[in-house]
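Step one of this worksheet: look at the structure below.
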Amino acid sequence: MVSLSTTMRRLGIITVTNSAVVTPTLIYSTASFARNLTLPSPLRNHHLTNSIRLLKSRSVLSSLSCFSSSAAYLPALDEFPSTKGSVAMRDDNKKVILKGMSYASLQEWVESHGFRPGQAMMLWKRLYKDNIWAENADQLQGLNKDFKRMISEHAEFGALSFKDVRSASDGTRKILFTLDDGLVIETVVIPCDRGRTTVCVSSQVGCAMNCQFCYTGRMGLKRNLTAAEIVEQAVYARRLLSHEVGSITNVVFMGMGEPFHNIDNVIKAANIMVDENGLHFSPRKVTVSTSGLVPQLKRFLRECNCALAVSLNATTDEVRNWIMPINRKYKLSLLLETLREELSSRHKYKVLFEYVMLAGVNDSMEDARRLVELVQGIPCKINLIQFNPHSGSQFIQTDEDKMIKFRNVLAEGGCTVLMRFSRGNDQMAACGQLGMLGAIQAPVMRVPEQFRTALKASV
Ligand code: SF4
C-alpha cells in the first residue's frame, strides 16, 4: 500500500513552499478531509485532489488549517501590503488611498505636502460628512486649487468599483463591488421600519472558517479587504441608497469573511466609521461579529469601543466542532470564559450572541436550557436567527413555532432574547448567503451519526 506521505508527495504537496503554514498537522488534516467527506468515493477522490490543489493556493491554506489542532491555526496574513504603515498606498501608481487613513494619518500626510491641518479636516469632512461623500477632487467645494491639484496628483478617492445592486422583495438591497484585482464582494443594506437602516459590510473575500451552514464559508478565503475597501462599503451605501432608504444608522460586520481574521484592517475601519467629524456612526451601532477567535476577541475589546457579536450556534463542543470548525481551536468553554472575564469590568457593555437555528441540530429544548446555563454571568443579548438555505446546504430551517418555544425557555431563564427572520432571501442577500462559489470549494464536514436523520435526505 502506498503511504499517505508518498501519495501527498506524488500529488505535489511538497511543492508548497510556505513552511510557516504547511505543517505535518496540516497535511494530515488535508488527508482527513477525504475521510470526512460525505461523498461517494469517485467524488471523494476528486475532492481530495482539489483539496491538494488548494494547498498550493496560499489563500485557502487558512481554511484547511481550521481543522488543525496545531498552534499554527491562523496563517500569516500580513502580506496584504496596501494597508501597512499609517498611509495606505496603491501599489501601481503610488497614490495614497484616502479612505484607508485614520484622521491622524490624513493630517500627517496633508502636512507632509505643505498644507495646513485645517485643510485635512476640510478634506475629511468632504469625504465622509454632510451628504457630500466626495468621489473626486472636483467635489471638494471650498478647498483651494493648489490643494485640490495636490490631491488629484497624489491620492485616490475610491477603493471599490460599483458593479450592480439587486433589490429583494422585502426592500433589502445587495450591492456588488469589483475590487482592483477583479474579485467581487457584496454589501447588504437592510431597511427597518423603525427608522433604522443597517449596512452589512464584508471584511474578506470569502472566508476561511468553513462554518457548515454558511455559503460564504464554502468559498474558502481569497484575501483580506483593506481598511479602505471596508470603509468605502459604508460610504458607498450611504451615497447610493440614503435617498431611497433614509439615513443609514447602523453598521454590522457580518458580510463576507471573519472580521477578526483581518483584525488590523477591521479595527482601523471601525474607528474611521465612528469618527465624529466623519461618518459618525455611534460605536454602539457598529457591531463586529466573530465566530470565536479568542485572542483577537480580547484585542478587539481592548482597542475598539464598538459592539461585539459572537456567533455561537451550538451548546456543545460536539455540535460546534462540526458546524463551526473554529471550535476545534477555541472551545466553547474557553470562548465563554474569556467573555465572562473580559466583560466583568466593562460598564453597560453587552455581547450579542447569534444563534442560527438548525432543525434537529441545535434547536431542542435541552439546547435552550443548556444555553441559559452557558451564558450565565455574561452580560448579553441572544439573537435567534432563522437559517437561510442556499444551494447545496444540508440544513433545514427550524419552524417558527419551535423558535418561539426555544425563545420562551431562554426568556424564562432570564435571558434577553430577540428573534430575527430572514431578510433579502430571494436575492441571496440574507445572513450566510453572500458570495459566489468557484470550481473549488471548502469541504463538507462529516456529520456526527446522531444528526444524520435531521439533515436533508439528499445529502
Ligand atoms: S458564518 Fe461568518 S465566519 Fe462562518 S464561514 Fe460564514 S462568513 Fe465565515
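The values are calculated or read from the model by the stated rules, or taken from the named source; none is laboratory data. Predicted model only: the values in this text are computed from it and were never measured. Here the Cβ is made from the backbone with ideal geometry for all residues, glycine too, and neighbour counts use every protein chain on show.
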Residue selected from segment 165-188 under the condition loosely packed, with under 15 Cβ neighbours inside 10 Å and farther than 22 Å from Phe253 by Cβ, by the criterion modelled with the lowest pLDDT: Ser169
Selection within segment 189-211 - touching a Leu at 6+ places or on another chain (Cβ under 9 Å) and either farther than 30 Å from Arg328 by Cβ or surrounded by fewer than 24 Cβ atoms within 10 Å (Cβ to Cβ) (or both): Val189, Pro191, Thr197, Val199
Residue in segment 323-335 that is within 16 Å of the ligand (Cβ to nearest atom) and touching a His at 6+ places or on another chain (Cβ under 8 Å) present: no
Per-region count, segment 327-364, residues in a helix (DSSP H, G or I) and out of contact with any Lys or Arg (no Cβ under 7 Å at 6 or more places or on another chain): 11
Which numbered condition Pro191 misses (of (1) outside any strand (DSSP E or B); (2) within 23 Å of Val274 (Cβ to Cβ)): (1)
Scan of segment 304-322 for residues that are more than 16 Å from the ligand (Cβ to nearest atom) and either small (Gly, Ala, Ser) or under 18 Å from His261 (Cα atoms) (or both), ordered by number: Cys304, Cys306, Ala307
Selection within segment 138-164 - surrounded by 16 or more Cβ atoms within 10 Å (Cβ to Cβ) and either of a type in the set (Val, Ile, Thr) or without any contact (Cβ under 8 Å) to a residue 12 or more places away in the chain (or both): Lys148, Ile151
Residue within segment 223-231 that is farther than 23 Å from Val288 by Cβ, modelled with pLDDT of 95 or more and not charged (D, E, K, R) present: no
Residue within segment 199-206 that is more than 20 Å from Phe281 (Cα to Cα), within 16 Å of the ligand (Cβ to nearest atom), touching a residue at least 24 places away in the same chain (Cβ under 8 Å) and touching a Lys or Arg at 6+ places or on another chain (Cβ under 6 Å) present: yes
Yes/no for Asp181 being over 16 Å from Tyr236 (Cα atoms), touching a helix residue (DSSP H, G or I) at 6+ places or on another chain (Cβ under 9 Å), more than 12 Å from the ligand (Cβ to nearest atom) and not in a helix (DSSP H, G or I): no
